[in-house]
1. Mean residue ellipticity at 222 nm from the helices of the chain, using -39,500 (n - 2.57) per DSSP H segment of n ≥ 4 over the full residue count, to the nearest 500 deg cm²/dmol?
2. Filter the chymotrypsin sites (Phe, Trp or Tyr not before Pro) in the range 1-49 down to the DSSP loop ones having no more than 12 other Cβ atoms within 10 Å, then list what survives.
3. For percent of Cα pairs over 20 Å apart, which listed value, (1) 57; (2) 62; (3) 47, comes from the coordinates shown?
4. Cα axis of helix 2-24 to longest principal axis of the chain: angle in degrees, 0 to 90, nearest 10?
5. Give me Thr9, Thr123 sorted ascending by neighbouring Cβ count inside 10 Å, so fewest comes first.
6. For Val79 and Glu144 in the same chain, what is the full-extension length gain: residue separation times 0.36 nm, less their Cα-Cα distance, in nm?
7. Looking only at Cβ-Cβ distances, which cysteines of the chain have no other cysteine closer than 4.7 Å?
8. 7 Å from Cα along Cα→Cβ at both Tyr71 and Asn40: what's the point-to-point distance in nm?
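What follows is calculated from the coordinates using simple rules that are stated; it is not laboratory data. Model, not experiment: these values are computed from the prediction. As a convention, Cβ positions derive from the backbone with ideal geometry for all residues, glycine included, and neighbour counts pool all protein chains shown.
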Amino acid sequence: MWGEVLFFTALLVVLVTLCLLNVLFPRRMWGLFKSWRFKNPEVVEPSELVVWWYRISGALGMILLIGLGVYGVPRYYAVARCEKVLAELENVAETGGASAVERRARELGLDVRDGPALSGRLTITDDGEPFASVPANGSKGYCEV
């Protein structure tokens, strides 16, 4: 899990840096990525439209990538944590039943509520928010993050 998180975090940092360079130095970025196509690249200059296109696309890219980082990375952490905890609680439910699930969830710092009447499910909450639903009979649970 941490390898994936580090990879995607590093990828986000690199992409945001490229977007920032597009905003600050559009002519140099054009020279780096496009000028090689011309026979005499030192003579060719980008038009003002291309310069503004690089700036606007860089700014939009930064906004989107920062939004993805602010929303996506914490959500990814929560889902990864839920899947890890859920697998453990399902194993505990198979061997020890509902009381063992409640005990293990509390050891992990989570709260436990009974699910709807007669459902046979326990709702695991984290800071009052639904986290996962674990069946007491050992069948498949699911994350509610």
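1. Values: 3 runs with 91 residues, N = 145.
The helix contribution divided over the chain gives -22500 deg cm²/dmol.
2. Working: sites: Trp2, Phe7, Phe8, Trp30, Phe33, Trp36, Phe38; in loops: Phe38.
When the chymotrypsin sites (Phe, Trp or Tyr not before Pro) of the range 1-49 are filtered for loop state and at most 12 Cβ neighbours within 10 Å, Phe38 remain.
3. Structure-derived value, by its label: (2).
4. 30 degrees
5. Numbers: Thr9 12, Thr123 17.
With the fewest neighbours first, Thr9, Thr123 line up as Thr9, Thr123.
6. Working: separation 65, 0.36 × 65 = 23.40 nm, distance 0.86 nm.
Here the segment from Val79 to Glu144 would lengthen by 22.5 nm.
7. If one checks each Cβ against the other cysteines of the chain, Cys19 turn up with nothing under 4.7 Å.
8. Using points 7 Å along Cα→Cβ, the separation is 5.0 nm.
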